[in-house]
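Only one structure is covered here, and it is reproduced in the block below.
The values are calculated or read from the model by the stated rules, or taken from the named source; none is laboratory data. Keep in mind that what you see is a predicted model, and the values were worked out from it rather than measured. Glycine also receives a Cβ, built like all others from the backbone with ideal geometry; neighbour counts cover every protein chain displayed. Surface areas here come from the heavy atoms of the whole protein model, side chains and all, with no ligands, DNA or RNA. Shrake-Rupley method; radii C 1.70, N 1.55, O 1.52, S 1.80 Å.
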There are 2 protein chains.
Amino acid sequence: MASTANRFSLSLPSVGSSTLKPKAFPGFFLKFENSNPLSLRVNRVAVSVSNGGVMRSARICASAPVIDQSVSEASPRAPTIVDVDLGDRSYPIYIGSGLLDRPELLQRHVHGKRVLVVTNSTVAPLYLDKVVDALTRGNPNVSVESVILPDGEKYKNMETLMKVFDKAIESRLDRRSTFVALGGGVIGDMCGFAAAAFLRGVNFIQIPTTVMAQVDSSVGGKTGINHTLGKNLIGAFYQPQCVLIDTDTLNTLPDRELASGLAEVIKYGLIRDAEFFEWQEKHMPGLLARDPSALAYAIKRSCENKAEVVSLDEKESGLRATLNLGHTFGHAIETGFGYGQWLHGEAVAAGTVMAVDMSYRLGWIDDSIVRRVHSILQQVKLPTAPPQTMTVEMFKSVMAVDKKVADGLLRLILLKGPLGSCVFTGDYDRKALDDTLHAFCKS
Amino acid sequence: MASTANRFSLSLPSVGSSTLKPKAFPGFFLKFENSNPLSLRVNRVAVSVSNGGVMRSARICASAPVIDQSVSEASPRAPTIVDVDLGDRSYPIYIGSGLLDRPELLQRHVHGKRVLVVTNSTVAPLYLDKVVDALTRGNPNVSVESVILPDGEKYKNMETLMKVFDKAIESRLDRRSTFVALGGGVIGDMCGFAAAAFLRGVNFIQIPTTVMAQVDSSVGGKTGINHTLGKNLIGAFYQPQCVLIDTDTLNTLPDRELASGLAEVIKYGLIRDAEFFEWQEKHMPGLLARDPSALAYAIKRSCENKAEVVSLDEKESGLRATLNLGHTFGHAIETGFGYGQWLHGEAVAAGTVMAVDMSYRLGWIDDSIVRRVHSILQQVKLPTAPPQTMTVEMFKSVMAVDKKVADGLLRLILLKGPLGSCVFTGDYDRKALDDTLHAFCKS
C-alpha cells in the first residue's frame with residue numbers, strides 16, 4: 001500500500017564521544033516535496049551523541065519547521081501517518097480530521113471477531129457510538145462490547161483494572177479479541193495493561209481523545225496503573241496495533257485538559273527539538289485558540305519525536321528516559337498531593353520548572369532558558385511551582401520509589417547545554433537537588 | 001564457560017505435509033559419550049510434521065532412553081543443564097542434588113543489589129534461610145527481602161499478588177532488582193507475573209520445590225493468576241533468568257504433591273515422547289519410592305521436552321498448546337470444584353482421562369492407549385474421573401472461557417495415532433465432546 005518513493009535513509013558512522021564537541025553536530029534539515037499526502041511516511045534518523053553526558057540529535061525531518069501543509073490543507077480524508085519503527089511490532093499513528101468516520105482505518109487493525117472498547121463516563125457519551133459504528137460498519141461479523149470506567153487518575157488502579165478483566169471474561173473474549181482504548185492517558189494506560197495481561201496478551205488499539213494522550217501517552221507502549229505509593233509502578237511495555245488520532249475529538253476537550261497536554265508538547269522542544277520549541281513560542285496563541293492546523297502540526301511533530309525515541313530505546317535503557325523531563329518531580333506531586341487533584345500535565349509543568357531550576361543551579365544552562373520556560377508555561381496558564389502543601393520530605397519519599405532509581409541512586413532528566421539538550425544522569429551534586437526542593441517548598 | 005565440543009545440529013528441509021505418512025518419520029536416536037557432565041548441554045531438534053493434523057516429532061536425544069548416568073552418578077556438585085533456546089532470552093535449567101549449596105549458580109544470575117524472595121508459609125520454614133544464604137554468601141553487596149504468601153491455589157489471585165507489589169515498593173526495589181520464586185507452581189506463576197509487571201519488568205529466577213513446578217510450570221515463562229471465573233486468565237509470557245532445580249527439595253514434598261507432579265510427567269510421554277512413557281511404565285515404582293536417580297531422570301527428560309516445545313513456540317501459536325493435554329477439562333474441574341480442592345495435577349489427571357476417552361470416541365486412538373493411561377494413573381493413585389459434583393453445565397461454562405477458544409470455537413488437545421502423537425484442533429465432532437462429558441458427569 002504505502003509508496004516507498006519518498007523514503008530515504010542516512011547512516012553515519014558512530015564516533016567516539018571523547019573527541020567531539022556538541023557544535024560538531026549542528027542540526028540539519030532536508031526539505032522534500034511530496035505530492036501524495038497518503039503516502040507520506042516520516043522516518044527521522046537520530047544521531048545520538050554523548051559528550052559529557054549531553055544528548056544531542058541530528059535529525060532528518062520531513063518538513064521545514066513551519067506548519068505542515070499536508071496536515072492542514074490536504075483532503076480531510078487523508079491522514080498523516082507517523083510510523084513507530086519497532087521491527088515486527090511496528091505500527092502506524094494516523095493523524096487527521098474525521099478519522100473516526102473512516103471505518104477502514106480501524107478495521108484493518110482488528111484481528112478476530114470480538115472487540116472490547118474501554119472508555120470512561122465522560123468520553124462514552126461523546127464518542128462511543130461513533131467508534132462502535134466505525135468498528136462494525138460493513139463488517140457484520142464483528143461484535144463489540146464496551147466497559148465504561150469512572151473518569152480520572154484516581155481510578156487508575158487495580159480495582160478499576162479488574163472491571164476490565166471481569167467484562168472481558170464475562171463477554172467470553174478470547175485470545176483473538178482486540179481491546180480498544182477510547183479516551184485520555186488514564187484509559188490508554190489501563191486498557192493497554194489489561195490487553196497485555198488478559199490471557200497473557202491480546203491485541204489493542206489506541207484512540208486517544210486528549211492532547212496529552214495524542215502527543216504522548218498513546219504512543220510507545222508504556223501501559224500500567226498506579227499504586228498508592230507511586231505512579232505507574234505496575235504495568236507492561238506493550239505496543240498497540242495502531243494509534244488513531246482524530247483531531248476532531250479535541251473540539252470537546254476542556255481548556256484545562258488542553259493546557260495539560262501542552263506541557264508534554266513543550267517537553268519535546270526542551271529535551272531534543274529546539275526548533276519545535278521556538279515554533280511553539282510563536283504559535284502558542286494559535287494552539288490555545290485551538291487553531292486546527294497548529295494543533296495538527298504540534299501533534300504530528302510530537303508524535304515524530306516520540307516515535308523516534310521509542311524506536312531507538314523501546315524499554316527505556318537510557319534515551320527514552322529523557323521523555324520524563326519534569327516527571328520525577330511531577331509524579332511526586334501527583335502521588336503526594338493526591339491522584340487527580342492536579343492533572344498530569346499540570347504536575348509535569350511544575351516539575352519541569354523544578355528540573356530547569358536545578359539544571360541552572362548546577363550551572364548546566366544559562367538563565368535565558370529558565371526565563372523562556374517560565375514564560376511559555378505561564379502563557380499556557382500551567383503551574384510553575386508545586387502545590388503549597390508539598391514538603392521536601394514528601395518529594396523525597398515519593399522520588400525514592402521512582403522507576404529511574406537504580407541500585408539506590410536517583411537519576412534525573414536535567415537540561416544541559418543549549419536549548420534542546422538534556423542529560424539523564426545520577427551524577428549531579430545532591431546539594432543542587434536539596435536547594436531546588438527547599439526553594440519550592442515551605443517546609 | 002560452556003564447552004561447545006559436544007554440540008551438534010541437524011537441519012532437515014521442510015516437506016509438504018500432503019505427501020507424507022506418519023511412518024515416513026520414525027523416531028531416531030543418536031547416542032554420544034560425554035566425559036564432562038558440566039559441559040553437557042542437550043539440544044534436541046524437533047521436526048514437526050503435520051499430517052492430517054497429527055503432530056509428530058523426530059528428535060535427537062542426548063541419551064538413550066534409560067536412566068541418565070550423568071545425573072545420578074556424576075559428582076553431586078555437577079548440575080545437569082538443559083537450555084531453553086529463545087535467542088537473547090535464552091536461559092539454563094540447572095538440575096541436580098545440593099544445588100542450593102552452590103551460591104555461584106544463583107549469584108551469576110542476580111543483577112543489581114536487591115533481591116525479593118517470594119515464597120509461601122509452607123516452604124519458607126524449610127528453605128528460605130538456605131536460599132538467602134545462597135544469595136548472600138560471599139556477596140555482601142546484595143540485600144535480600146522476602147514476602148511469605150499463604151499456601152495454595154486459592155490464593156493465586158490479584159489480592160495476594162498485590163502483597164508482592166506492596167512489599168517490593170515498601171522495600172524500595174528498583175528496576176535492577178531480581179525477584180526469586182521459591183516454591184511450587186502457584187508461587188512461580190505469581191512471582192513471575194509480579195516480576196513482569198513491577199516497574200514494567202524486573203529480572204526473576206525460578207527455584208521450584210515441587211515436582212509439578214520442576215517438570216513443568218517453572219520452565220517456559222507462562223506466569224499469571226486466576227480469576228474467579230477461570231484459571232490463569234490474567235498474566236504474561238515472561239522468561240526467567242534461570243531455573244534452579246535442587247532435587248533435594250523433593251525430600252520434604254508430601255506424597256500427594258509428588259503424585260500431582262507426575263501427572264505432568266505422564267503428559268509429556270502421551271503427547272510427544274512414547275519412549276519416555278514406556279520408561280515411566282517400567283520405573284513408576286521407583287518414582288513413587290523417590291529413587292533419586294529415577295526422579296532426576298524424569299525431571300531432566302520432562303524439562304527437555306518442555307524446553308524444546310517452548311523454543312519452537314514461545315507464545316503458544318500452536319505446538320505449545322499440546323502441553324495442555326487434559327488441562328481444559330482439568331481447569332474446569334479446578335474452577336468449578338473450587339481452587340485448591342484438588343491439586344492441579346489431580347485435575348489434570350482426570351482431565352487427561354476425559355481427553356483420552358474423547359479421542360477414543362472419535363476413533364483417533366486404539367483402546368490399548370486408553371487402558372495404559374488408566375493403568376499408569378491408577379498406579380500413581382491419581383483420579384481417573386472428575387469429582388462427582390461436576391456437571392456437564394459446569395464443564396461447558398468454564399471451558400467457554402478457556403484461553404484456547406478462538407473466535408468462539410473451543411480447540412482441544414486430543415491424542416491421535418500411535419502412542420506419543422496428539423493434535424490441537426477445533427475440528428472434531430461436537431457429539432464426542434458431549435458424550436464424554438455425559439459419560440463422566442451424573443447430570
Residue within the stretch B:193-207 that is hydrophobic (A, V, I, L, M, F, W, C) and over 21 Å from A:Thr223 (Cα atoms) present: yes
Flag for B:Asn203 being surrounded by fewer than 24 Cβ atoms within 10 Å (Cβ to Cβ) and at negative phi: yes
Identity of the residue in the stretch B:110-121, farther than 12 Å from B:Thr136 by Cα and within 12 Å of chain A (Cβ to nearest Cβ), that ends up surrounded by the fewest Cβ atoms within 10 Å (Cβ to Cβ): B:His111
Test: residue in the stretch B:122-131 that is without any contact (Cβ under 8 Å) to a residue 60 or more places away in the chain and either within 14 Å of chain A (Cβ to nearest Cβ) or of a type in the set (Phe, Trp, Tyr) (or both): no
Listing of helices (runs of 4 or more DSSP H) fully contained in the stretch B:322-389 that carry 2 or more residues being in contact with a strand residue (DSSP E or B) (Cβ under 8 Å, 6 or more places away or on another chain) and more than 21 Å from B:Ala432 (Cα to Cα): B:327-337
Unmet requirement for A:Asp435, which otherwise passes all of (1) modelled with pLDDT of 95 or more; (2) within 24 Å of A:Lys231 (Cα to Cα); (3) open to solvent by 20 Å² or more (accessible area, probe 1.4 Å): (2)
Selected residue (criterion: farthest from B:His227 (Cα to Cα)) from residues of the stretch B:318-346 that are of a type in the set (Ser, Thr, Tyr) and open to solvent by less than 20 Å² (accessible area, probe 1.4 Å): B:Thr322
Considering residues of the stretch A:168-188 that are in a helix (DSSP H, G or I) and within 11 Å of another protein chain (Cβ to nearest Cβ) only, the residue surrounded by the fewest Cβ atoms within 10 Å (Cβ to Cβ): A:Glu170
Single unsatisfied condition, B:Gly192 versus (1) open to solvent by 10 Å² or more (accessible area, probe 1.4 Å); (2) within 14 Å of another protein chain (Cβ to nearest Cβ); (3) in contact with a Ser or Thr (Cβ under 7 Å, 6 or more places away or on another chain): (1)
Tally of residues being out of contact with any Cys (no Cβ under 7 Å at 6 or more places or on another chain) and either more than 14 Å from chain A (Cβ to nearest Cβ) or among the β-branched types (Val, Ile, Thr) (or both) across the stretch B:195-214: 10
Some residue of the stretch B:289-305 being touching a residue at least 60 places away in the same chain (Cβ under 8 Å), more than 14 Å from every other protein chain (Cβ to nearest Cβ), buried (at least 23 other Cβ atoms within 10 Å of the Cβ) and aromatic (Phe, Trp, Tyr): yes
Residue in the stretch B:386-406 that is open to solvent by 20 Å² or more (accessible area, probe 1.4 Å), among the small types (Gly, Ala, Ser) and closer than 30 Å to A:Val115 by Cα present: yes
Qualifying residue in the stretch A:240-249 (condition: part of a helix (DSSP H, G or I), of a type outside the set (D, E, K, R) and in contact (Cβ under 8 Å) with a residue 40 or more places away in the chain): yes
Residue match in the stretch A:95-106 (condition: assigned to a strand (DSSP E or B) and either β-branched (Val, Ile, Thr) or at pLDDT 95 or above (or both)): yes
Filter pass, A:Asp151 being modelled with pLDDT of 95 or more, touching a helix residue (DSSP H, G or I) at 6+ places or on another chain (Cβ under 9 Å) and open to solvent by 30 Å² or more (accessible area, probe 1.4 Å): yes
Within the stretch A:218-251, tally of residues that are open to solvent by 10 Å² or more (accessible area, probe 1.4 Å), within 16 Å of the chain's Cα centre (by Cα) and more than 14 Å from chain B (Cβ to nearest Cβ): 1
Single unsatisfied condition, A:Leu312 versus (1) in contact with a Ser or Thr (Cβ under 8 Å, 6 or more places away or on another chain); (2) within 25 Å of A:Val370 (Cα to Cα); (3) of a type in the set (A, V, I, L, M); (4) open to solvent by 30 Å² or more (accessible area, probe 1.4 Å): (2)
Residue in the stretch A:151-162 that is small (Gly, Ala, Ser), out of contact with any Phe, Trp or Tyr (no Cβ under 6 Å at 6 or more places or on another chain) and more than 14 Å from every other protein chain (Cβ to nearest Cβ) present: yes
Number of the condition not met by B:Ser368 [criteria: (1) without any contact (Cβ under 8 Å) to a residue 12 or more places away in the chain; (2) within 21 Å of B:Thr425 (Cβ to Cβ)]: (2)
Which listed residue, of B:Leu419, B:Leu382, is surrounded by 21 or more Cβ atoms within 10 Å (Cβ to Cβ), away from every other protein chain (no Cβ under 14 Å) and within 17 Å of B:Val356 (Cβ to Cβ): B:Leu382
Selected residue [within 14 Å of another protein chain (Cβ to nearest Cβ) and under 26 Å from A:Leu233 (Cβ atoms)] from A:Leu414, A:Leu410: A:Leu410
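Table: residues versus (1) under 30 Å from B:Asp166 (Cβ atoms); (2) crowded, with 23+ Cβ neighbours inside 10 Å; (3) among the hydroxyl-bearing types (Ser, Thr, Tyr).
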| position | (1), (2), (3) |
| --- | --- |
| B:Thr80 | no, yes, yes |
| B:Pro92 | no, no, no |
| B:Gly98 | no, no, no |
| B:Arg108 | yes, no, no |
